[in-house]
Structures are given as C-alpha cells and as structure tokens.
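Below: one structure, written as structure tokens.
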Amino acid sequence: MKISSFWLAAVIAIMLCTFVNNTAYAAQETTPSIKAATESSAKMTAKVNLNKADAAQLQTLNGIGEAKAKAIIEYRNKNGKFTDIKQLTQVSGIGEKLLTQNADRLAI
C-alpha cells in the first residue's frame, strides 16, 4: 500500500499537534507544585526575628514545634526582647544543638 505525501504530512501534523498540546498540559500541571516548592523553600531559608515572630514563623525553624514556639513567645513576653541569639537556650526545651541548627536563620 502506498501512502501519498499529503496523508503522510497530515499524520505528522496531527502527531505534532498532539505532542505540543500534551507538553503544554504537562507544564501547566507542574507549575503549581514548582511554585509551592519554591515558596516552601523560601520559608525554610528566611530569617526569623526572635523578637517579632509569631508562633507560625517560629515553627519554620528546625526542631521548633507548636509547644516550643509558644514557650519562646512566653519567654519573650515575660523577660522582654531577646538581646542575643544565645538567650534562646534559656527557653525550656531549647539547647545548644537546636540553636546551632538554626543559627543562620535567627535574627534579633
């Protein structure tokens, strides 16, 4: 069976359109997850001001959950603003290891 060049071109055009459409759809599907990953990454590297951060911001730090975030805020409310990042170790449940893990993300 001999295929004319017209039909061959038509089949190639249809395949090309399908490929382009599928590629565009795939890019559209992955864009939100890339955006979410970028936002998550930014949260994980942003500085956290110990004197201004709320509980949610404090919980972006490594090893800080809801209870430790509340303890940091209570300490700050009771003792005043932090004047040195090392003061964080005076909060119950926070030691040198946790301070070291987060030192590059902490600000006063």
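The values are calculated or read from the model by the stated rules, or taken from the named source; none is laboratory data. For clarity, every value in this text was computed on a predicted model and none was experimentally measured. Cβ: placed from backbone, ideal geometry, glycine included. Neighbour counts: every protein chain shown.
Here are the numbers for this structure:
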{"item": "Meets criteria (part of a helix (DSSP H, G or I) and at pLDDT 75 or above) for residue 11", "result": "yes"}
{"item": "Exclusive hit being over 20 Å from the mean Cα position of the chain (by Cα), surrounded by 12 or more Cβ atoms within 10 Å (Cβ to Cβ) and on the phi > 0 side of the Ramachandran plot, set 80, 63, 93", "result": "93"}
{"item": "Residue that is nearest to residue 52 (Cα to Cα) [pool: residues in segment 72-108 that are in a helix (DSSP H, G or I) and in contact with a Phe, Trp or Tyr (Cβ under 8 Å, 6 or more places away or on another chain)]", "result": "76"}
{"item": "Hits in segment 40-95 (condition: closer than 14 Å to residue 107 by Cβ and among the small types (Gly, Ala, Ser))", "result": "46, 53"}
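Matching residues to (1) in contact with a Lys or Arg (Cβ under 8 Å, 6 or more places away or on another chain); (2) without any contact (Cβ under 8 Å) to a residue 40 or more places away in the chain; (3) basic (Lys, Arg); (4) within 17 Å of residue 47 (Cα to Cα):
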residue: 58; (1), (2), (3), (4): yes, yes, no, yes
residue: 68; (1), (2), (3), (4): no, yes, yes, no
residue: 72; (1), (2), (3), (4): no, yes, no, yes
residue: 75; (1), (2), (3), (4): no, yes, no, no
residue: 80; (1), (2), (3), (4): no, yes, no, no
residue: 95; (1), (2), (3), (4): no, yes, no, no
